[in-house]
């Protein structure tokens with residue numbers, strides 16, 4: 001590990017082409033991912049000793065206050081920040097040819113909040129999801145907030161960005177997946193809609209829910225059996241519950 005003392009203060013928090021990750025779980029997962037290129041790193045001496053950076057990563061020694069200027073205000077950096085290149089694009093066809101006979105895909109229809117997408121990635125990793133599919137122009141880029149919420153899952157769950165979500169759902173159906181759209185106004189509950197071994201759960205954004213064209217490309221619509229005490233769940237919570245239901249079906 002090559003160490004340098006920080007002399008310049010950066011007021012940039014990263015860009016879509018060079019996002020900055022922070023927090024020990026997110027950073028450790030990025031360092032462990034052979035497909036992730038780490039460009040720069042900043043760390044306190046304690047964090048640098050803990051993280052055990054590879055020798056080819058140049059680490060700038062920094063104080064806690066200096067690290068705070070590298071990331072958004074109040075970001076819990078835990079003494080370590082890295083600047084990375086986004087992962088290379090993954091292709092839906094490649095993922096579909098590699099899945100098992102019993103597999104779950106998660107399709108996000110215009111879920112744009114990075115904290116929600118990060119939390120969904122974390123749940124996807126926990127339940128062994130084959131991948132998540134999003135529409136490129138209606139999904140967040142890789143970022144520190146997303147990576148922190150994912151707690152390492154960004155490096156482990158295949159994330160496929162597509163141009164046309166409806167066309168992707170058609171390709172998913174051709175691969176033998178039963179497409180279930182989560183909709184609060186559905187007559188059927190999710191447990192009754194599940195059945196086939198290959199399932200694609202389609203989740204819409206909070207508020208608008210699934211778009212009409214997305215609903216038209218689902219084989220079934222289903223709702224979570226929540227009580228009347230609350231109108232709906234946060235999208236990441238709904239996704240986690242749906243994934244659990246699919247895992248035990």
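Nothing in this text is a laboratory measurement; each read-out follows from the coordinates by a stated rule. The model shown is predicted, which means the values in this text are computed figures rather than measured ones. Every residue, glycine as well, gets a Cβ built from its backbone with ideal geometry; the counts of neighbours run over all protein chains shown.
A few points about this structure:
- The C-alpha atoms of the chain define a longest principal axis, and helix 235-248 lies at about 60 degrees to it.
- Degrees separating the helix 114-126 axis from the principal Cα axis of the chain, which is the longest one: 70
- Segment residue 100-residue 185, length gained on full extension (0.36 nm per residue, minus Cα span): 27.4 nm
- Taking a ≥ b ≥ c as the square roots of the Cα gyration tensor eigenvalues, region 2-84 comes out rounded, since a/c falls below 1.5.
- Cα-based convex hull volume of the chain per residue, rounded to whole Å³: 130
- Over the chain, DSSP H runs of length four or greater, each weighted -39,500 (n - 2.57), average out per residue to a 222 nm ellipticity of -9000 deg cm²/dmol.
- Most simply put, the chain has about 25% antiparallel DSSP beta bridges, counting only bridges with both residues inside it.
- Relative exposure of 139, 227, 232, 17, judged by other C-beta atoms within 10 Å (fewest first): 227, 17, 232, 139
- Region 109-155 and region 170-228: distance between their alpha carbon centers, rounded to Å: 19
- Residue ranges 216-226, 21-31 sort as 21-31, 216-226 when ordered by packing (mean number of other C-beta atoms within 10 Å per residue, highest first).
- Segment residue 55-residue 244, length gained on full extension (0.36 nm per residue, minus Cα span): 64.0 nm
- Residue-span extension gain [residue 87 to residue 137] - 0.36 nm each, minus C-alpha spacing: 16.3 nm
- In this label model, residue 230 and residue 28 are separated by 3.0 nm, measuring between points 7 Å along each Cα→Cβ vector.
- Taking the DSSP bridge list for region 152-249 and keeping only pairs wholly inside it, about 10 percent are antiparallel.
- Computed over the chain, relative contact order equals 20 percent, with contacts defined as Cα pairs under 8 Å that lie 6+ residues apart.
- Folded to 0 to 90 degrees: helix 165-174 orientation relative to the chain principal axis, Cα: 60
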